[in-house]
Amino acid sequence: ESLNKGLEKSKESFFGKLGKALVGKATVDDEVLDNLEEILVSSDVGVTTTLKIIERIQARVARDKYLGTSELDRILKEEIASLLSENNADDVADFDTPADKKPYVIMVVGVNGVGKTTTIGKLSAQFKKKGKRVVLGAADTFRAAAVDQLKLWGERVGVPVVSRGMNTDPSAVAFDAVKEGVDQNADIIIVDTAGRLHTKVNLMAELTKIKRVMQKVIPDAPHEVLLVLDGSTGQNAMIQAKEFTKATEVTALAITKLDGTAKGGVVIGISDEFKIPVKYIGVGEKVDDLQPFNKTEFVDSLFR
Ligand code: GDP
């Protein structure tokens, strides 16, 4: 019974929490703002971004002299949407890549277990559905399971996977994959990398080396460095974002496991703190459970 209760609690929406916090309150005062701050932090929005949102609402209260609590969710929605707008385009690219970059090379980074392989598999399926030719590179050569799993996805989706033996230099696999992609006239090349976070210096050296060898084949590769984060891990995702953005230039985010969790707040915090667009969200384990990030839909879902 306590487990059920726990699940219920974790699934309680942001809007539900907000509603409870406002019971008996007619106007937005300091107490309401304190409650709101707590809700935002407990929803993994992150302290910095939470304070930014609270300050913006405080400024509106000061300007308008009065703010009814019935207005609060509309205003909060507006502020979150405007915050997301600072780093995310209005038009969501629906699994599209720039026509002038062919093959388009995506280097995928992130720690083990966040859903990196699954995301690559789902992405391949979506690109393939759009008639694109995809080649995958299994450069996570430290885990046999990672290579096998990528191969399995390759078979399922029907895209070739370039791999080498265990413990070979990941950059050698990355080189082969990019070369194979060019030879096969691929539209998109997706290279998986090792998810080790041991030391920052090693991570940086490894990712730099992978980039460098890709550039021997395609000078402006990788066109996208996609960091995969597990949205259900809250502040851990935030820490990983910090580590990876220090190690390499991350250009887009995929945030997974947003199904069955009310922790969507992490999307707001990470996008704001790291100034990186959220490109995809993972909402389940199946092949179709990857969506292009749509900020309007996302904000709406927080308040449902
Ligand atoms: P990797 O180690 O980062 O490559 O992680 P995997 O791709 O192997 O994924 C780890 C686990 O998370 C697997 O059981 C996946 O099915 C699961 N997973 C990945 N993405 C999602 C998602 O969006 N939602 C849910 N519920 N599970 C996911």
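The values are calculated or read from the model by the stated rules, or taken from the named source; none is laboratory data. Values in this document were obtained by computation on a predicted structure and should not be read as measured data. Counting neighbours? That spans all protein chains shown, and the Cβs are built from the backbone with ideal geometry, glycine included. Heavy atoms of the whole protein, side chains included, go into the accessibility calculation; ligands, DNA and RNA do not. Shrake-Rupley method; radii C 1.70, N 1.55, O 1.52, S 1.80 Å.
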Largest first, what is the accessible-area ranking of Lys65, Lys20 with a 1.4 Å probe?
Lys65, Lys20
With Cβ to Cβ distances under 15 Å as the rule, what net charge do the other residues near Phe142 carry (K, R +1; D, E -1)?
0
Which order, highest average first, do 208-214, 72-78, 108-114 follow once you tally other Cβ atoms within 10 Å for each residue and take the mean per peptide?
108-114, 208-214, 72-78
Once ligands and nucleic acids are excluded and a 1.4 Å probe is used, how much of Phe142 is accessible, expressed in Å² to the nearest 10?
80 Å²
Please report, as a whole percent, how much of the solvent-accessible surface of the chain comes from carbon and sulfur atoms (probe radius 1.4 Å).
50 percent
GNM of the chain, Cα pairs under 10 angstrom: of Ile54, Ile239, Ile106, the biggest fluctuation goes to Ile239
Sum of -39500 (n - 2.57) over DSSP H runs of 4+, divided by residues of the chain (222 nm, nearest 500)
-16000 deg cm²/dmol
Cα convex hull volume per residue for the chain (Å³)
140 Å³
Where in the chain are the DSSP H helices whose alpha-carbon span along the long axis reaches 24 Å or more and whose Kyte-Doolittle mean is at least -0.5?
47-64, 200-217
For a quick check: with amide H placed at 1.01 Å from N, whose amide H comes under 5 Å from Thr256's, ignoring anything fewer than 5 positions away on the same chain?
Leu229, Asp230, Gly231, Gly282
State, as an integer percentage, the relative contact order of the chain based on alpha-carbon contacts under 8 Å between residues 6 or more apart.
24 percent
Distance between Cα centroids, the range 275-290 to the range 143-176: provide it in whole Å.
22 Å
Of the cross-linked pairs Lys151/Lys279; Lys52/Lys209; Lys77/Lys130, which ones have a Cα-Cα span greater than 31 Å in the structure shown?
Lys52/Lys209; Lys77/Lys130
Among the lysines, which have Cα under 20 Å from the Cα of Lys216 when same-chain residues fewer than 8 positions away are ignored?
Lys101, Lys102, Lys179
